[in-house]
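**Student:** The structure that follows is given in the form of structure tokens.
Computed from the coordinates by the stated procedures, all read-outs in this text should not be read as laboratory data. Worth saying up front: this structure is predicted, and the values here are computed from it rather than measured. Cβ placement follows ideal geometry from the backbone for every residue including glycine, while neighbour counts extend to all protein chains displayed.
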Amino acid sequence: MLMKKWIAALAGGLMLASAAAHAQTVGPQGETATPSSSLTLSDADIAALKDKGYKAALLWHTSSDFTNAVTAGATDEFARAGISIAVKTDAQFDAARQRSDIETALAAKPNVILALPLDPVTSAEAFRQAVKDGVKLVFLSNLPKDYKQGTDYASIVTDDLYQMGKQAADAMAKAIGGKGKVGYIFHDANYYVTNQRDQSFKKTIEKDYPDIKIVAEQGISDPARAEELANAMLLQHPDLDGIYVTWAEPADGVLSALRGAGNT
């Protein structure tokens, strides 16, 4: 019977930065997180927003259960405040397409944009016109390079990244009995969210689980290459007990590689 391989994947939860996150999770420029529970809209706030004809745009760079859930929550809250959704887009990990999506959104003259930027460098230029137009920008999980809060954007929302990585490590350790060899597929890009989660997983394994060794490391920037990279990792290390993957989409490819190698 072939040894069962375990995979730990982070898909990005919906629990926004909590009070427990303060000690470890920080913003892209080292900011201390503010718990989402401290941000509320009173009935007076809602009344002040209604009947003003405000419009919003939701600009994502990928489709996933995570972005679908964020879209649903944002849509419900905007509806409560009388704000219509003028544009919803998915750039599918294409920087040029995201820039085009921003231009499309600006043509609809939104008052606010909720966006998941593709990467700090390309998005800095892509969102510049929105800043010039005075559109309120709220970013999800990533920040354009050199943007300043209060000047260029209103806020950034993310998760308890440290805990997500730590809990993935804890789950991996439990699954393989606290000892063994694991592979580590991390996001090879300047993307603060995945970088923090990946590093938290690795540090937790190294610090808390001395009998677990990370024997193979591989960066990934294109989720479509996950199966190819996992196949190469398994070829070099057929005795792996588990593989960590940076988020859900590339994890699908790793699962395909595991099944193809006869693992269950």
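**Student:** Taking the Cβ-Cβ separation of Ser221 and Ala44 as r and a Förster radius of 51 Å, what is the calculated FRET efficiency to the nearest 0.05?
**Tutor:** Working: r = 46 Å, r/R0 = 0.91.
Efficiency, from the Cβ-Cβ distance: 0.65.
**Student:** Using only Cα atoms and rounding to the nearest 10 degrees, what angle (0 to 90) does helix 192-208 make with the longest principal axis of the chain?
**Tutor:** So the inclination is approximately 30 degrees.
**Student:** Also, I was wondering about something else. Hey, if you put +1 on the Cβ of every Lys and Arg and -1 on every Asp and Glu Cβ in the chain, which of Val112, Thr71, Gln163 ends up farthest toward the positive end of that dipole?
**Tutor:** Gln163
**Student:** What order, most packed first, do the peptides 144-155, 223-234, 241-252 have when packing is the mean number of other Cβ atoms within 10 Å of each residue? Each step should come with its number before you reach the end.
**Tutor:** Values: 144-155: 14.3, 223-234: 18.4, 241-252: 22.2.
Ranking, from highest mean packing down: 241-252, 223-234, 144-155.
**Student:** Now for a different question. Determine, for Ile85, Ile176, Ile46, Ile185, the number of other Cβ atoms within 10 Å of each Cβ, and report the residues in order from fewest to most. Could you put the intermediate results ahead of the total?
**Tutor:** Values: Ile85 17, Ile176 22, Ile46 13, Ile185 26.
Ordered by Cβ neighbours within 10 Å, fewest first: Ile46, Ile85, Ile176, Ile185.
**Student:** Remind me, relative contact order of segment 194-263 in percent, using alpha carbon pairs under 8 angstrom and six or more residues apart? Spell out each step's value before the answer.
**Tutor:** On the way: 43 pairs, mean separation 24.3, N = 70.
Across segment 194-263, relative contact order equals 35 percent.
**Student:** What FRET efficiency comes out for Gln129 versus Lys213 if R0 is 45 angstrom and r is the Cβ-Cβ distance? Round to the nearest 0.05. Before the final figure, lay out the partial values.
**Tutor:** Details: r = 49 Å, r/R0 = 1.09.
For R0 = 45 Å, the calculated efficiency reads 0.35.
**Student:** Right, next: In what sequence, highest mean first, do 130-139, 64-73 appear when ranked by Cβ atoms within 10 angstrom? Mind dumping the intermediate values first?
**Tutor:** Working: 130-139: 16.6, 64-73: 14.8.
The most tightly packed comes first, giving 130-139, 64-73.
**Student:** Say a paramagnetic label sat at a point 7 Å from the Cα of Thr62, along Cα to Cβ; which residues of segment 121-155 have their backbone N under 15 Å from it?
**Tutor:** Within reach of a label on Thr62: 140-143.
**Student:** If N is the number of residues in segment 107-264, what value comes out of its Cα radius of gyration divided by 2.2 N^0.38 Å?
**Tutor:** Values: Rg = 18.8 Å, N = 158, 2.2 N^0.38 = 15.1 Å.
For segment 107-264, the normalised Cα radius of gyration is 1.25.
**Student:** Multiplying the sequence separation of Leu235 and Ser37 by 0.36 nm and subtracting their Cα-Cα distance, what value in nm do you get? Before the final figure, lay out each step's value.
**Tutor:** On the way: separation 198, 0.36 × 198 = 71.28 nm, distance 4.70 nm.
Value of the extension gain: 66.6 nm.
**Student:** What is the dipole size for segment 34-157, taken about its Cα centre, with +1 at each Lys and Arg Cβ and -1 at each Asp and Glu Cβ, in debye to the nearest 20? Write down the numbers at each step before the final one.
**Tutor:** Working: 13 positive and 15 negative charges, 65 e Å.
With Lys and Arg at +1 and Asp and Glu at -1, about 320 debye.
**Student:** Could you tell me which of rounded, prolate or oblate describes segment 60-166, using a ≥ b ≥ c as the square roots of the eigenvalues of the alpha-carbon gyration tensor, with rounded for a/c under 1.5 and, failing that, prolate when a/b is larger than b/c and oblate otherwise?
**Tutor:** Details: a/c = 1.32, a/b = 1.08, b/c = 1.22.
Rounded, because the longest to shortest axis ratio a/c is under 1.5.
**Student:** Take the Cβ-Cβ distance between Lys148 and Thr75 as r, set R0 to 30 Å, and report the resulting FRET efficiency rounded to the nearest 0.05.
**Tutor:** The value I calculate is 0.55.
**Student:** Ok, one more. Report, in degrees rounded to the nearest 10, the 0 to 90 angle that the Cα long axis of helix 65-80 makes with the longest principal axis of the chain.
**Tutor:** The answer is roughly 20 degrees.
**Student:** Between helix 226-236 and the chain, what is the angle of the helix's C-alpha long axis to the longest principal axis, kept within 0 to 90° and rounded to the nearest 10?
**Tutor:** It works out to around 20 degrees.
**Student:** Same structure again: Around Tyr184, which amide H atoms from residues at least 5 apart in sequence, or from another chain, sit under 5 Å from its own amide H, with H modelled in the peptide plane?
**Tutor:** Ala216, Glu217, Gln218, Tyr244
**Student:** Rounded, prolate or oblate: which fits segment 181-263 when a ≥ b ≥ c are the square roots of the eigenvalues of the alpha-carbon gyration tensor, with rounded for a/c under 1.5 and prolate only if a/b beats b/c?
**Tutor:** Numbers: a/c = 2.15, a/b = 1.11, b/c = 1.94.
Taking the square roots of the gyration eigenvalues as a ≥ b ≥ c, segment 181-263 is oblate.
**Student:** Using modelled backbone amide H atoms (1.01 Å from N, in-plane), which distant-in-sequence or interchain residues come within less than 5 Å of Leu140's amide H?
**Tutor:** Here the answer is Ala115, Leu116, Val157, since their amide H atoms fall under 5 Å of that of Leu140.
**Student:** If you take all C-alpha pairs in the chain, what percent of them are over 33 Å apart?
**Tutor:** Details: 9370 of 34716 pairs.
Taking all Cα-Cα pairs of the chain, the fraction more than 33 Å apart is 27 percent.
**Student:** Hey, another quick one. Give the peptides 54-63, 116-125 in descending order of average Cβ contacts within 10 Å, highest first.
**Tutor:** Working: 54-63: 21.3, 116-125: 19.8.
Ranking, from highest mean packing down: 54-63, 116-125.
**Student:** Report the charge-dipole magnitude of the chain in Debye, nearest 20, computed about the Cα centre from +1 at each Lys and Arg Cβ and -1 at each Asp and Glu Cβ. Display every interim value, and only then the final one.
**Tutor:** Values: 26 positive and 32 negative charges, 28 e Å.
With Lys and Arg at +1 and Asp and Glu at -1, about 140 debye.
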